[in-house]
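Starting off with a structure, shown below.
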Amino acid sequence: MLRTRYATLCDVLADQARDDPQRRTIILINEDGARQIITVGELHREATAVAYTLAAVGIQPQELVLLLTHYSRGLLAAFLGVMYRGAIPSIVSYFSARLDSEVSALRVRDLVADSGARAVITAPELVPRLTELLIDLRCQVLNSEEFIADAGSTLAPAAPQSADAIAFIQFSSGTTGRQKGVPMTHGLVLEFIDTLCRVYPIRTNDVMVSWLPLYHDMGLITALLLPLLMEIPAVLMSPFYWVREPVALLRAIHEFNGTLSWMPNFAFNHCVRNIRERDVAGLDLSRWRAIINAAEPVRDHAMAAFWHRFAPYGLARSALKTAYGMAEAVLAVTITQTDDPPRVDWVRLAELQTQRRAVPASAGESGATSLVSNGTPLPSVTLAIVDESGATLADRHVGEITLRCTHLFNGYYRRPDLSAAVLQNGRFHTGDIGYLADGELFVCGRKKDLIIVGGTNIHPEDIETIADGVAGVQPGRSVAFGVMDDRLGTERIVLACELRPELAAEEPQRIDRELRRLVLQHLEVTLSDVRFVERGWVLKTSSGKITRSANRDKYLHTIAATEPT
């Protein structure tokens, strides 16, 4: 057990580097597809060099350092090196080509001001502008390419640490407002890894394959820290490379005998839509033993389509798993723990919306909807579904998901106001809505995103799922939200969609009619406003999640505000 053998993450890596420095630990596939093989000894040496460089420029233990650089070997060394120094790393999403660079730079300034970060390690091209922006905030801007590459090759980590010291911080990836920082101690991460491996023991022949960004908790934990700590190889590819070449994931599974992957639901759709038959000819996916769908709502049709598409290449249906979690609990609190595919629960939609009960229905029955199980709690986790007063609800009653666990954070970084709101009586209130059935968790949506029309609760995910299935709508680029109508005294439903660019001029009218018909047929509610917006209009977080509140604000300020009342 890691937790009983080591105090910190740094101790684990340093121990491995002493025992077997030539062990291949990471195969890195860069944005251009070029590969680098990194041994544990090299990684330890480069991280140590970063630690001593930070000490030389005055960075002290437990000071915050933001990492804003390309997906690269240098990013890995910088993340571990900041921890070696005893400081606190936080990986920030690198500037997207879709966003205005000045807006992105100002967001970095806001984050530094809120968090008190003492340094930003960034790419050379960003150094001049960030230096100018941060000059009054006592925050150094360090060029990621100027760290001493071969310093301190035989030295130990630069600062002794305890299990209770903060190892890193995950900042929320929202598009508006102050970002929440989730601090994780060394002890909590080691505790989580031990707990997860009690359910999914790591095998000697396991290989993790991932395209996930490291600024997201699922990428950081499953793609980097889990394989690193458990001494199995990890194949890490740039997310930008994977988006362009989704087949690269399957080719890496084949070439490196990959066995484990985690990814969000949209990735299953992306692979099915964009991988051609000739691209996968001759691939063997039979060693892929666990593909865990997490980080966003799980859709049965996405997982079924993925399995049907790649089963001819050896993909076992039992490999498909689901999980539910959050950065506040390191990563996951529930996971599929059987060899069977995740359970699909058909329930009556009317009772779900009006009575907040998940009443069983037959598969495909009129007026029914399906929800996919997110698995059962990890051994260290206790779940409870509560109502508005905090009272625990019985099975199949819908309410807020709350939990206790041994790897739960102690509060948001420098935000006691937010911490008090979610940590109550020893329980974490997730803000997610769901229910328990036979020990399994089913997630319905976010509490704050609920649309309430005439007393009926509508989950925007259900509307967006319908939109994704309509020909001509760009999958994953629709957002539904409620807008208060004071005249009616209730909310009206707005759906904004991006369309495929190749559509004929008359197609939007057909799509509008189809969307309204399907939403009325399946959800028994009426869309008040359907808007077809230009490409890139729909706002997502840097981790790819729809941010409905930001899209609602954008609609109100750019569309509704310009129209006559």
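The values are calculated or read from the model by the stated rules, or taken from the named source; none is laboratory data. Computed from a prediction, not measured in an experiment: that's the story for all the values here. All Cβ positions, glycine included, derive from the backbone under ideal geometry; neighbour counts span all protein chains shown. Remember, those area values only see protein heavy atoms, side chains included, never the ligands or the DNA or RNA. Shrake-Rupley method; radii C 1.70, N 1.55, O 1.52, S 1.80 Å.
Which whole-number percent gives the relative contact order of the stretch 346-386, counting Cα pairs below 8 Å spaced six or more residues apart?
Contact order relative to length: 37 percent.
Right, something else. If I take every Cα pair under 8 Å that is 6 or more residues apart in the stretch 285-370, average their sequence separation and divide by the length, what percent do I get for the relative contact order?
23 percent
For residue 103 and residue 164, compute 0.36 nm times the residue count separating them, minus their Cα-Cα distance, and round to one decimal in nm.
My answer for the length gained is 18.4 nm.
Tabulate in residue order the Karplus-calculated ³J(HN,Hα) for the stretch 251-257, using 6.51 cos²θ - 1.76 cosθ + 1.60 with θ = phi - 60°, rounded to whole Hz; enter x for Gly and Pro.
So the J values, rounded to whole Hz, are 5, 5, 4, 5, 5, 9, 6.
Net charge near residue 144, counting Lys/Arg +1 and Asp/Glu -1 over other residues with Cβ under 14 Å of its Cβ?
Neighbour charge sum, excluding residue 144 itself: -3.
Among bridges DSSP assigns within the stretch 447-565, what percent are antiparallel (round to 5)?
Here the antiparallel bridges make up roughly 70 percent for the stretch 447-565.
Loop only per DSSP, at most 14 neighbouring Cβ atoms within 10 Å: give me the trypsin sites (Lys or Arg not before Pro) in the stretch 421-469, ordered by residue number.
none
Which of the trypsin sites (Lys or Arg not before Pro) across the stretch 183-262 are loop residues per DSSP, with 14 or fewer other Cβ within 10 Å?
For trypsin sites (Lys or Arg not before Pro) across the stretch 183-262 that sit outside H, G, I, E and B with at most 14 neighbouring Cβ atoms in 10 Å, the list reads 203.
What whole-number value in Å² describes the accessible area per residue of the chain for a 1.4 Å probe?
Ligands and nucleic acids excluded, the result is 42 Å² per residue.
Turning to a different aspect of this structure: Would you please give the residues with an amide H less than 5 Å from that of residue 330, counting only those at least 5 places away or on a separate chain, with H modeled from the backbone geometry?
409
Take the eigenvalues of the Cα gyration tensor for the stretch 466-554, scale each by 5, and report the square roots as semi-axes in whole Å, largest first.
21, 18, 11
Please state the shape class of the stretch 512-565: rounded when a/c is under 1.5, otherwise prolate if a/b exceeds b/c and oblate if not, all from the C-alpha gyration tensor.
oblate
Suppose the chain between residue 557 and residue 18 were pulled fully straight at 0.36 nm per residue; how much longer would it get relative to their current alpha carbon spacing?
Once the chain is fully extended between residue 557 and residue 18, it gains 188.2 nm.
If you don't mind, there's one more thing I want to ask. 5 Å is the cut-off here: which amide hydrogens, built 1.01 Å from N in the peptide plane, fall below it relative to residue 359, excluding neighbours closer than 5 in sequence?
Placed amide hydrogens put 348, 352 under 5 Å from residue 359.
Please list, in order along the stretch 459-476, the HN-Hα scalar couplings obtained from phi with the Karplus expression 6.51 cos²θ - 1.76 cosθ + 1.60 (θ = phi - 60°), rounded to whole Hz, x for Gly and Pro.
Working through the residues one at a time gives 8, x, 4, 5, 5, 5, 5, 4, 4, 4, x, 8, 4, x, 7, 6, x, x Hz.
For the full complex of protein chains and a 1.4 angstrom probe, list 186, 70 by accessible area with the highest value first.
70, 186
Here's a follow-up. Using mean Cβ contacts within 10 Å as the protection proxy, how do 131-143, 357-369, 331-343, 391-403 order, highest first?
331-343, 391-403, 131-143, 357-369
Using Cα pairs under 8 angstrom and six or more residues apart, how large is the relative contact order of the chain, in percent?
10 percent
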